[in-house]
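Please read the structure below before turning to the comments.
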Amino acid sequence: MSVLRMIYLALAVWGAIHPMYYFVTWFNENGYDLMAMVDAWHVNAATSGLVWDLTVAAVALTVFIVAEVATRRNWIALIAIPATFCIGVSCGLPLYLFLRSRPLA
């Protein structure tokens, strides 16, 4: 495995674990109410802006992944879409880059 692929994989793992620490901490302090978390994301204009920034980035990444998979037929790369929406762009993007950079047969 190339150094670049290892970096992408390390970033995907970091992008999954680090944000989840904060989500789990918040849930432990405030209860496991997803709608309360969504409300917390929109507590002020700055956090709302960040939510929309990440939402647009996630949608753009999804469109890119679908277009690339349709062209390259690298079907396993589709796993980056649920990673993006269930974990975050911080995991989905480096995961997709890791999967995209593998040698094709």
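In terms of Cα atoms, the Rg and Dmax of the chain work out to 15.6, 49 Å. Once both labels are positioned 7 Å from their Cα atoms along Cα-to-Cβ, the gap between residue 33 and residue 3 label points is 5.0 nm. Applying 0.36 nm per residue to the separation of residue 55 and residue 71 and subtracting their alpha-carbon distance, the gain on full extension is 3.3 nm. Calculated from DSSP H runs of 4 or more alone, at -39500 (n - 2.57) each and per residue, what is the 222 nm mean residue ellipticity of the chain, nearest 500? The per-residue figure over the chain is -26500 deg cm²/dmol.
Every number here is computed from the coordinates shown, using simple stated rules; none is lab data. Owing to the predicted nature of the structure, the values given are computational and were not obtained by experimental measurement. Here the Cβ is made from the backbone with ideal geometry for all residues, glycine too, and neighbour counts use every protein chain on show.
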